[in-house]
Amino acid sequence: MGFTDTRFNVNLSILFTELPLLERPAAARAAGFTAVELWWPWVDAPVPEQSELDALRDALKDAGTRLVGLNFYAGQLPGPDRGALSVPGEESEKFRANVPVAIEFAKSLGCTTFNASTATGSRGSMPPSRTRSPWRTWPSPPVRSVRSAGRC
């Protein structure tokens, strides 16, 4: 069974991590990938400087890679956070501030697929009964911007 007619993408947030972020698209391309995805790469900046966004955009384009998926800001990934969207207060506000920035960045690269991570129960964001199984589905908090994100 071969994969000659199957296309794969690589998540630059979890592979090629021995390299700085801006070198990962070229490494992915050198390894044969043309499509990449990312967790929001600025874990402490839901709204990074425009120069940082431009540098990543240029690195993706220069490498000949295509961004096919982007996570919205979710806190410390990898780490203790798994979804700023569901954490009340400051983290949720950071998520909301990130939505238009992430959408604009992704749109500039032709990406229309987004992921909004919800909490897994860390930091008390959901009752334990809602977090026992990673396969259980529950309604996300109402955020209109996220619902429309996939249509941009």
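The values are calculated or read from the model by the stated rules, or taken from the named source; none is laboratory data. Quick caveat: nothing in here was measured; it's all calculated off a predicted structure. Glycine gets a Cβ as well: all are built from the backbone with ideal geometry, and neighbour counts include every protein chain shown.
Before we move on, is residue 15 surrounded by fewer than 20 Cβ atoms within 10 Å (Cβ to Cβ) and closer than 21 Å to residue 117 by Cα? Taking the combined requirement at face value, the residue satisfies it.
Can you go through 121, 79, 64, 69 and tell me which one is over 12 Å from the mean Cα position of the chain (by Cα) and either at pLDDT 85 or above or farther than 22 Å from residue 14 by Cβ (or both)? Spell out the reasoning first.
Numbers: 121 fails: either at pLDDT 85 or above or farther than 22 Å from residue 14 by Cβ (or both); 79 fails: either at pLDDT 85 or above or farther than 22 Å from residue 14 by Cβ (or both); 69 fails: over 12 Å from the mean Cα position of the chain (by Cα).
None of the others qualify; the one that does is 64.
Determine whether region 39-57 contains at least one residue that is among the β-branched types (Val, Ile, Thr) and modelled with pLDDT under 95. Yes, some residue in region 39-57 is among the β-branched types (Val, Ile, Thr) and modelled with pLDDT under 95. Counting only strands (runs of 3 or more DSSP E) that sit wholly inside region 1-75, those with at least 1 residues that are closer than 16 Å to residue 107 by Cα and aliphatic (A, V, I, L, M) are 35-38, 66-71.
If a residue must be in contact with a helix residue (DSSP H, G or I) (Cβ under 6 Å, 6 or more places away or on another chain) and not aliphatic (A, V, I, L, M), how many such residues does region 96-107 contain? Outline the logic, then answer.
In the first step, residues of region 96-107 are kept if they are in contact with a helix residue (DSSP H, G or I) (Cβ under 6 Å, 6 or more places away or on another chain); the result is 99, 103, 105.
From the residues that got through so far, the ones that are not aliphatic (A, V, I, L, M) too are 105.
The total comes to 1.
The number of residues in region 96-112 that are assigned to a loop (DSSP other than H, G, I, E, B) and either modelled with pLDDT under 95 or touching a Ser or Thr at 6+ places or on another chain (Cβ under 6 Å) (or both) comes to 1.
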